[in-house]
Amino acid sequence: MSENLRFGIYLPPFGPFGDPSVLVDLAVRAEAAGWDGVFLWDHVVADAMPIVDPWTTLAAIAHATENLLLGPTVTPLARRRPWMVARHASTVSRLSKGRLVVGTGVGSDESGDFSSFGEITDLATRSAMLTEGLELMRAMWAGEAIQHIGRHYQVNLAAAEPEPHRIPVWMASSTNHPRVISRACRCDGIFPNPDDHELTPEEVAGIRQELHHAGLPADRPFDISVRGNASAAWQEDKNVDLKGLSQAGMTCGVTDPLRPAGTVDGGRRCRTASRVSGLGIGAEAEEPRPIPAQCTLAVLPGQPLQRVPSAERTRTPAAEVGGVPR
């Protein structure tokens with residue numbers, strides 16, 4: 001397994017985690033337990049309430065931690081104005097001294113994040129807004145003077161000081177469409193996030209090959225962040241080929257700490273993950289509550305928050321590995 005492989009926690013900031021103080025406490029304890037990153041979903045509508053804003057919460061996490069990578073996964077530019085995302089990212093990047101990774105993508109309207117507020121739901125339009133918005137964000141971070149009249153945005157800004165820390169971008173994807181792969185090649189990483197399964201080593205290798213075919217240089221640092229569950233903190237019969245995933249190109253594995261264990265209603269209800277792996281957050285809940293269908297992993301009360309055992313793995317703090325600072 002690569003010594004540079006990192007592991008993060010991927011949290012929906014609603015329902016059991018819909019309390020910013022809970023998320024900050026969890027991030028602090030995750031860092032102390034040896035996890036490499038904490039990443040938050042970005043939604044404004046959810047079946048399970050309450051719900052908190054990821055950017056405000058990330059700022060609090062940045063202030064409370066020292067080495068943890070952090071970021072939104074995924075913040076949709078078509079729903080958030082790109083200049084606002086640029087300023088949010090700048091703030092969190094400075095607070096964290098360069099530990100922010102901006103995960104972005106076209107977003108999803110599965111829970112009504114767009115349609116509930118009259119926002120554009122057409123996928124092709126949102127895709128075009130993402131591409132245009134990315135260029136504006138990068139220009140703002142670089143401190144460039146911007147005179148932009150585009151199809152979706154108009155921006156007039158004087159030159160300014162560039163950001164003191166580089167802000168990497170991971171592009172989310174649910175398909176290997178050439179346009180998606182091409183857009184990811186211009187970023188610092190890709191977060192393949194299929195709706196119905198966890199990626200296999202063969203799929204990761206295929207994504208890597210598609211990226212190279214689209215022009216990604218073989219020697220350029222680039223992250224492939226893979227969602228899944230291989231942690232010893234979950235007593236599941238899981239057969240995750242971490243070595244195979246790493247050899248195929250995975251650089252970061254993110255664990256989604258909910259799973260419909262003991263589920264009913266087609267897997268959309270489960271016990272509340274109330275004491276996050278023994279962190280003492282909240283009280284145990286006896287009643288089931290709704291969670292999103294894509295929550296696939298379990299948090300068992302009374303278990304320590306452990307990351308995947310990796311005796312072969314060596315930390316290299318402050319090194320530039322896979323496109324993002326460590």
Practice item. Mind telling me which of the residues 119, 163 ends up being surrounded by fewer than 20 Cβ atoms within 10 Å (Cβ to Cβ), over 19 Å from the mean Cα position of the chain (by Cα), of a type outside the set (Phe, Trp, Tyr) and closer than 17 Å to residue 59 by Cα? Key: 163
Practice item. Sort out which residues of the range 93-116 are aliphatic (A, V, I, L, M) and surrounded by 24 or more Cβ atoms within 10 Å (Cβ to Cβ), and write them in order of number. Key: 100, 101, 102, 106
Check your understanding: Of the residues 165, 148, which single one is in a strand (DSSP E or B) and not charged (D, E, K, R)?
Key -> 148
Point to revise | Positions within the range 158-174 being more than 18 Å from residue 91 (Cα to Cα) and either polar (S, T, N, Q) or touching a Leu at 6+ places or on another chain (Cβ under 9 Å) (or both), in sequence order | key: 171, 173, 174
Practice item. Give 136, 157, 130, 100 a once-over and let me know the one that is over 18 Å from the mean Cα position of the chain (by Cα), closer than 30 Å to residue 65 by Cβ and of a type outside the set (Lys, Arg). Key: 136
Review point. Looking only at residues in the range 198-231 that are in contact with a strand residue (DSSP E or B) (Cβ under 9 Å, 6 or more places away or on another chain) and assigned to a loop (DSSP other than H, G, I, E, B), which one is surrounded by the fewest Cβ atoms within 10 Å (Cβ to Cβ)?
Key: 221
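Quick note: the coordinates plus some simple rules give every number you see, no bench work behind them. Here the structure is a predicted model, which means the values were calculated and not measured. When we count neighbours, we look across all protein chains shown, and the Cβ atoms used for this are built from the backbone with ideal geometry, even at glycine.
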